[in-house]
Amino acid sequence: MSKHTVSFVDAELAGLSIRTAKNGKPYASGVMLLRNENGGFEASLPFICFSNAVGALRILEQREHSAELTGESGKPERPIASVSGWFKTEKRGEAWSTVFRLVSVDEIIEPSEDSSL
């Protein structure tokens with residue numbers, strides 16, 4: 001069965017974590033938060049990434065961590081990026097789980113200097 005690529009524009013990446021798999025290669029995981037055009041919450045999707053996009057996600061994780069350390073803007077902002085990948089659904093026991101397999105980070109959106117504009 002072929003994989004159908006899905007893209008999300010302006011996905012907030014929460015709980016971004018880079019780890020090392022048993023095979024010694026890095027992978028990323030977290031949750032994508034999707035919002036409507038008014039900024040209202042629409043969905044949260046767990047994601048995992050084993051592709052070369054881990055490098056871009058590592059940069060986002062470091063930015064998020066350094067913003068938390070310096071206390072910039074009072075409240076740490078989640079990294080936002082345009083991403084693409086595909087969904088994988090598995091049955092584990094009696095339950096089904098779906099995870100987004102992130103394949104690429106197409107664009108990293110820089111937070112605006114003044115969000116009131």
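Just so you know, all these numbers are worked out from the coordinates, no wet-lab data involved. These figures come from a predicted structure and were not determined experimentally. Note: ideal-geometry Cβ built from the backbone for every residue, glycine included; neighbour counts use all protein chains shown.
In this structure the amide hydrogen of Asp10, modeled in the peptide plane, comes within under 5 Å of the amide hydrogens of Ala81, Ser82, Val83, none closer than 5 places in sequence on its chain. Full extension of the segment from Trp96 to Ala21, taken as 0.36 nm per residue of separation minus the current Cα-Cα distance, would add 24.7 nm. A straight chain from Ala14 to Ile109 at 0.36 nm per residue would run longer than the Cα-Cα distance by 32.8 nm. In sequence order, region 85-101 has phi-based couplings of x, 8, 8, 10, 10, 10, 9, 10, x, 9, 9, 9, 10, 10, 10, 8, 8 Hz under the Karplus curve 6.51 cos²θ - 1.76 cosθ + 1.60, θ = phi - 60°, and Gly or Pro positions carry x. Note on region 1-48: with charges restricted to the Cβ of Lys and Arg (+1) and Asp and Glu (-1), its dipole about the Cα centre is near 460 debye.
Going by a ≥ b ≥ c, the root eigenvalues of the Cα gyration tensor, does region 1-67 fall in the rounded group (a/c under 1.5), the prolate group (a/b larger than b/c) or the oblate group? Oblate, since a/c reaches 1.5 and b/c is not below a/b.
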